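> Handing you this structure, nothing more for now.
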Amino acid sequence: SGGGAGGQTATVTTGNATNVGARGATLPASFDNIPTNPDPTAAFFRYGTDPSSLTSEIYDNNTLLNTASGSFSATLSGLSENTTYYYQAVMTLADGSDVKGAVCSFKTASASTTVNRAYLDCYEIPSVSVNSYSSDTETYGDTKYHAYGTSNSMQRVVTHTFAYNGTKRNYSMLYDGNKRAALWVAFAMNTGSYPWLVERTDDWEYDPAINSLWQPELYSGYAESSTYDRGHQVAAHDRETTTNQVKQTTYFSNMTPQLGGFNGGVWSSLEMDIQKIGNATSGRDTLYVVTGPIFGSGYGTTNDKKGRACAVPTHYYKCIMMVSFSASGVAQSAKGAAYLLKHESGAARQEVTIDYIQSLTGFDFFANVPQSLQTAAENETHPTSDFPQKSF
């Protein structure tokens, strides 16, 4: 506690955790009699697995700190299953002192011991080996994540799903906590399953399936915001069937630092061309897309607003494969293409093969497409104009 408004004692009350799952929880708090002239500077939670050493912090950047009384909250993600966590609500006053609530605790649930590979067997997913599985609902109500552990303790595979005529996968990714970036993001486009019905939103938020400490904090962009944009890997305009589906594209895990001239230039142009192809799908034709960064020799870093380093890609790629199916759902034909872009303003797209991008990244793309169709499609080069396109 500390000096408060009107001479009363300033208080912060730590609330009971809600939405506790295997990998995350929501932490609430309230405050009263907080002096507001000048305003407090921060509202956050300290947390950890040792009540005497709460070394991790997560901030609420959306709360207005110019009122004497109110509430704030934050959502933890990427936690360990079946583990007790301790947390404490804190407000920092303008004089630098902290007003602290009590230390409370919660225990995460146990994740499934059976790996549900249903979302990993889709045609857009690169070859991936996983060793654990968990899933949980997200804060948007009808959205859910499916998270998989890998042999690399700093990498996770995640699929996000949403509700539209049943449950549909939104996109999947392989996320790397060291680089604070997804190494690939994969999704499908089909106008029957994924029609364009809503507009883009900008609800920036941490990905609940991934440890928040692995992700950049990008509520207001990177520290060098005049240089780097929050560059979507799966574009918001790629996923405009429901508002909740679009919101999932603004998770920080889907962002990489992109030069403004690159993001608004060659990257945007390629995104729009691929959206036109996806919008032209008909019947059982489906466009499968994998996109990602390349961190070439000597790649640099920039920081988020908390001073955490984020790797800056030297190149980006997009691989696409159009697959046509029979009425009974058997894949009959496939057409592939890939595009390599140097990460610089004024860059041009380079038409290459999927095989070539595989040689640069080490990933085996479209691994679930029948080999009889996959091999030829991955050795083709095509401009986007070689595919059917439809204007919006």
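> May I ask for the net charge around Ser73, where only other residues with Cβ less than 13 Å from the Cβ of Ser73 are counted and Lys, Arg are +1 while Asp, Glu are -1?
Charge balance in the 13 Å sphere: -2.
> Less than 16 Å from a label point 7 Å out along the Cα-to-Cβ axis of Thr83: which backbone N atoms in region 176-206 qualify, by residue?
177-178
> Any chance you could check the Cα centroid distance between region 317-384 and region 214-237 for me, in angstrom?
That distance is 26 Å.
> Also, quick follow-up: Among the lysines in region 205-345, how many pairs, 8 or more places apart or on different chains, have alpha carbons under 19 Å apart?
Working: Lys276/Lys318; Lys276/Lys335; Lys318/Lys335; Lys318/Lys342.
So the count works out to 4.
> Right, here's the next one. Express in nm, to one decimal, how much length is gained between Thr243 and Thr227 on full extension, taking 0.36 nm for each residue of separation and deducting their alpha carbon distance. Each step should come with its number before you reach the end.
On the way: separation 16, 0.36 × 16 = 5.76 nm, distance 2.92 nm.
Residue separation times 0.36 nm, minus the Cα-Cα distance, leaves 2.8 nm.
> Based on DSSP H runs of at least 4 residues, each adding -39500 (n - 2.57), what is the mean residue ellipticity at 222 nm of the chain after dividing by all its residues, to the nearest 500 deg cm²/dmol?
Details: 4 runs with 33 residues, N = 392.
Calculated mean residue ellipticity at 222 nm is -2500 deg cm²/dmol.
> For Lys107 and Ala367 in the same chain, what is the full-extension length gain: residue separation times 0.36 nm, less their Cα-Cα distance, in nm? Display every interim value, and only then the final one.
Working: separation 260, 0.36 × 260 = 93.60 nm, distance 3.77 nm.
Taking 0.36 nm per residue and subtracting the Cα distance, the gain is 89.8 nm.
> List, largest first, the extents of the alpha carbons of region 231-388 along their principal axes, each in whole Å.
Reported extents, whole Å, longest axis first: 53, 37, 26.
> In whole Å, what three semi-axes, largest first, describe the equivalent ellipsoid of region 176-245 built from its Cα gyration tensor (square root of 5 times each eigenvalue)?
On the way: eigenvalues 122, 44, 27 Å².
Semi-axes (√(5λ), whole Å): 25, 15, 12.
> Quote the relative contact order of the chain in percent (integer), defining contacts as alpha-carbon pairs under 8 Å separated by 6+ residues.
Numbers: 983 pairs, mean separation 48.4, N = 392.
In percent, rounded to a whole number, it is 12.
> Which FRET efficiency, nearest 0.05, do Ser153 and Thr381 yield, Cβ-Cβ r, R0 35 Å?
Details: r = 38 Å, r/R0 = 1.07.
With R0 = 35 Å, the Cβ-Cβ based efficiency is 0.40.
> For region 144-187, go through all pairs of different Cα atoms, get the mean of 1/r, take its inverse, and jot down that Kirkwood value in Å. Working shown, then result.
Numbers: mean 1/r = 0.0909 Å⁻¹.
Final number for the Kirkwood radius of region 144-187 is 11.0 Å.
> Moving on. Per residue, what accessible area does region 44-102 have, given a 1.4 Å probe and all protein chains present, in Å²? If you can, show how the numbers build up before the last one.
Numbers: 2590 Å² over 59 residues.
With all protein chains present, region 44-102 gives 44 Å² per residue.
> What is the percent of Cα-Cα separations in region 179-220 that go past 17 Å?
Numbers: 473 of 861 pairs.
The share of Cα pairs beyond 17 Å in region 179-220 comes to 55 percent.
> Calculate the all-directions average of the projected area of the chain's alpha-carbon convex hull, and give it in nm². Don't jump to the answer; show the numbers that get you there.
Details: hull surface 80.4 nm².
With the hull built on Cα positions only, its mean projection is 20.1 nm².
The values are calculated or read from the model by the stated rules, or taken from the named source; none is laboratory data. Since the structure is predicted, the reported quantities are computational estimates derived from the model, not experimental observations. Because the Cβ atoms are built from the backbone with ideal geometry, glycine has one as well, and the counts that use them run over all protein chains shown. Surface accessibility is based on the protein's heavy atoms, side chains included, excluding ligands, DNA and RNA. Shrake-Rupley method; radii C 1.70, N 1.55, O 1.52, S 1.80 Å.
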